[in-house]
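Everything below concerns the one structure shown next.
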Amino acid sequence: GSKSYRLEEKTPQLNLPSAESHPQADFFPNPIAQLKFQEYFAPPEPDAGLPSAPEPQPPAGGPAQAGANAPPTPLGADPNRSVSLNPAVLVKYFAQDQKAIWTSPLHVRSKDLVWLPALGAVTGAMIGTDADSDAVAEIGANPSTIRHSTTASKAGLFGLAALTAGIYATGLIKHDDHARETGLLTGEALADSLVVGEVLKLAAQRRRPLSAGPPGFFQGGNSFPSNHALLSWTMASVIAHEYPGWLTQASVYGAASAVSLFRVSSKNHFPSDVIVGSALGYFIGRQVYNAHHDPELGGAAMGTFSHDPEEDQDRARGSRYLALDSWVYPALQKLAALGYIPIQFAGLQPWTRSECARQLMQAQQTAEDGDSEPPAQVVELIDRLKHELAPEVTGVDGVQPDTIGLESVYFRNTTISGKPLRDSFHFGQTVVNDFGRPYWEGNNVVTGFSSFADVGRFTLHVRGEYQHAPSVPAFSPPVRALISLIDVNAPPPATPTREVNSFRLLDTYVAMNLNDFQFSFGKQSLWWGPGQSGPFLFSNNAEPINMFRINRITPFQLPGILSHLGWIRGEFFLGKLSGHQFPARPFINGQKISFQLTPNLEVGFSKTTVFAGVGSALTLGSFLRSVISLSSTQSQTNDLRLDPGDRRAGFDFRYRIPGLRNWLTLYNGAFADDDPSPLAAPRRAAMNPGIYLARVPGVPRLDLRVESVYTDVPSYTGTGGQFIYFNNHYHDAYLNKGNFIGSWVGRQGRGMAGWSTYWFTPQNKIELGFRSNKISKDFIPQGGTQTNVSAQAEFIVRPQWHFLGRFQYERWNIPVLGPTTRDLTGSIQLTYTPTHTFSW
């Protein structure tokens, strides 16, 4: 959720409310004590945001004046009929609903004019990306996947319908008015949705993805919107409003989400078809509930998790994820390393803005409770973070409002002189952890924006950019033959890669928060590790992946004796990879759970599996096998359909050294390929240890971070690059559009990296960096080396203008590619962050 906190205005010192007077005094007592998160866990109106029918009010002047403009009557409050015996009265309410739905543009409120244009723009952007072959052509093309996905979507829809019928039947048998109302309202909402869906289909006439003939709208098709998504979300919305417990909401919304996803993977609909259908279904269901629900029967007003309705409303708020390249991450990590944030999960990013606000409040309380005045740098960090996270921290009258706005606009020009490296699967990368952006010798340009809408429990985030990069020459025939040999794949193309001039979406998703579990769908980036160079399992080295994701966005504790496990966070995702050859179009799923056992120790366990794709259908069986299978049983014919997938496991920890815990942190990421855990086979595991000095003795504004990383496992040589990041079936599986999802070090390398940063202010700093990599001769004949040094400066040039300049010198020697090469990379980026947003 996104709790709102009221803070005092900035003062020369950290002069904030005392721990006794602070409204959250019990929440942050000190960095050692057990924090009372239960008093924090609280959210905003479950359904604040999009227009809906007004709550029923008595007509002005009393019953005698009730007329055509009177609000609809709740089903359970109609004195002329019984809710269980007179369902025919729904015809009257159906007419009222249709009038409300189709005339809603005539009754748009002023606050709706804020988000409606943005919603239309986002829908247009989604429709535009439907035509992108990377977004659609990669989705489930083999007949088996299509058949099973179609069956699953129908089963999900029929399952929700059976649940609705069962609730209504239970109400009839047990004389339960609440259950009977749920069944009647759901039926009414379904009728409303069917009419809306069919009218829009007739108007749009959009062809389906697999239809013959020209694609697009007004072509005689019936793809837009998806009726399966529309109807499933309609039923889920009514049921979740009638029975707002967290388990009910998670179950019905999860089922509706599954139906929507399967309509895409079955190629029955484009992504925008199911997104629009899902949104319409949710709001039609809410419209019917708000217009006709009898409040005396219970329902959403009862809350969603605890017994405090106000806290329940706070915990229902959505919160967008903070971009992985934001300055907030190093600032909060520095505060944690200095001992001011006792509960922080560095190995599970990105964080939502509300989670960042929670950490900030911990830092503030710890600074207040200390025996001595905090250092000036700590005060500066807290003060600047308060400004950055003001909507989540302060809110309006203690409540975070619905907000929409432009997050940033940026321009970057990168000039590369000399021949760079950009084949991370074989030889290395000159530019790493840059969201998979293309680059080559010459000028490389990025112009982009990010925008958002936080409306009730829903969050929408859009980040898109125009990218330009020069054409990349093809490898020579000997190099192409070598790559074909070591990959057991077809050789790379003999023609140059075309010049890039295109618009691409980066982190673009829609999310819904249910009691601090955030469900999101779209292109998303992950960072699964405590280091800075890049975790083994997930980093932002590749373009964001299209995925469905469930994330526990705030820490929690288990009850009873299980509380000794400390604070916990976890997430799950199912995604789709692009740009593969062998096999094409695979899926990927991942799970991670992290524990903060003490304020000084964080540990995390993670797992990913690449599975399905051409030759192996995505089915419930293949999915479950990829998640829970611990064996590698395959058929005698090496049948891909029996393969549980390309499984990888990770373990990481972060430990602040006792006695030195306010300035020295040790951490490590371990990675096992096709083993249940690196802890089960440490001699076969890759490692990425590091140290972080949050302040260098004698120079408190200077920090130092050093990391080592290897995938050339010492006790497992002679693999020829076919062990770490390789699989007998999935030869190029751990890539997305040609870039490693995980660490930059590659398949069989040994690397070192280090950074030292001097912090003038939280956003004005200079960083010196070093990175080197050595490729094993067992992988690439004669091996190879890559070394670069860099300098980076970040400054706030004006209140809303941020400057980033970077210079890098690189020297690499890979004999199979030619003589030793040197290149220079210079980059300048200017970012504008507007301060004004629209709130209501």
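The values are calculated or read from the model by the stated rules, or taken from the named source; none is laboratory data. This one's a predicted model, so the numbers in the text were calculated from it and none came from an experiment. Here Cβ is always computed from backbone atoms with ideal geometry, including for glycine, and neighbour counts include all displayed protein chains. What goes into the accessible areas is simple: the full protein's heavy atoms, side chains included, and nothing from ligands, DNA or RNA. Shrake-Rupley method; radii C 1.70, N 1.55, O 1.52, S 1.80 Å.
Quick notes on this one:
- For the condition open to solvent by less than 10 Å² (accessible area, probe 1.4 Å), β-branched (Val, Ile, Thr) and out of contact with any Lys or Arg (no Cβ under 9 Å at 6 or more places or on another chain), residue 696 does not qualify.
- Top-ranked residue of the stretch 294-343 - restricted to ones that are at pLDDT below 75 and on the phi > 0 side of the Ramachandran plot, ranked as farthest from the chain's Cα centre (by Cα): 298
- Look at (1) open to solvent by 30 Å² or more (accessible area, probe 1.4 Å); (2) hydroxyl-bearing (Ser, Thr, Tyr); (3) part of a helix (DSSP H, G or I) and you find that residue 354 fails only one, number (1).
- Search result, residues across the stretch 801-836 that are surrounded by fewer than 17 Cβ atoms within 10 Å (Cβ to Cβ) and outside any strand (DSSP E or B): 815, 818, 819, 820, 833, 834, 835, 836
- Of residues in the stretch 731-784 being open to solvent by less than 20 Å² (accessible area, probe 1.4 Å) and of a type in the set (A, V, I, L, M), the one nearest to residue 579 (Cα to Cα): 735
- Of all residue pairs spaced 6 or more apart or on separate chains, those with beta-carbon atoms under 7 Å, a first member in the stretch 617-637 that is farther than 25 Å from residue 258 by Cα and a second member that is part of a helix (DSSP H, G or I) and modelled with pLDDT under 75 are 633/642; 634/642; 635/642.
- Verdict on residue 135 being closer than 23 Å to residue 623 by Cβ, part of a helix (DSSP H, G or I) and modelled with pLDDT under 70: yes
- Residue within the stretch 217-227 that is in contact with a helix residue (DSSP H, G or I) (Cβ under 9 Å, 6 or more places away or on another chain) and in a helix (DSSP H, G or I) present: yes
- Test: residue 286 is at pLDDT 90 or above, open to solvent by less than 20 Å² (accessible area, probe 1.4 Å) and among the basic types (Lys, Arg): no
- Total residues in the stretch 422-436, condition open to solvent by 10 Å² or more (accessible area, probe 1.4 Å) and either assigned to a strand (DSSP E or B) or farther than 18 Å from residue 533 by Cβ (or both): 3
- Residues located in the stretch 701-716, provided they are assigned to a loop (DSSP other than H, G, I, E, B) and among the aromatic types (Phe, Trp, Tyr): 716
- Contact map, the stretch 252-272: residues that are among the polar types (S, T, N, Q) paired with residues that are open to solvent by 10 Å² or more (accessible area, probe 1.4 Å) and in a helix (DSSP H, G or I), Cβ distance under 7 Å, separation 6+ or inter-chain. Pairs shown: 260/278; 266/146; 266/150; 268/150; 272/123; 272/126; 272/127.
- On the stretch given as the stretch 332-353, residues that are closer than 25 Å to residue 524 by Cα and of a type in the set (A, V, I, L, M, F, W, C) total 6.
- Residue check, residue 370 free of Cβ contacts under 8 Å to residues at least 12 places away in the same chain and over 20 Å from residue 703 (Cβ atoms): yes
- Residue match in the stretch 593-602 (condition: touching a Lys or Arg at 6+ places or on another chain (Cβ under 6 Å), open to solvent by less than 10 Å² (accessible area, probe 1.4 Å) and at pLDDT below 90): no
- Residues in the stretch 556-595 that are among the small types (Gly, Ala, Ser) and without any contact (Cβ under 8 Å) to a residue 12 or more places away in the chain: 560, 563.
- Any hit, the stretch 171-189, residues being free of Cβ contacts under 8 Å to residues at least 40 places away in the same chain, within 22 Å of residue 296 (Cβ to Cβ), aliphatic (A, V, I, L, M) and surrounded by 17 or more Cβ atoms within 10 Å (Cβ to Cβ): yes
- Residue in the stretch 217-227 that is open to solvent by less than 50 Å² (accessible area, probe 1.4 Å), of a type in the set (Ser, Thr, Tyr) and in contact with a Gly (Cβ under 9 Å, 6 or more places away or on another chain) present: yes
- Selection from the stretch 402-421 of residues that are open to solvent by 20 Å² or more (accessible area, probe 1.4 Å) and more than 26 Å from the chain's Cα centre (by Cα): 413, 415, 417, 419
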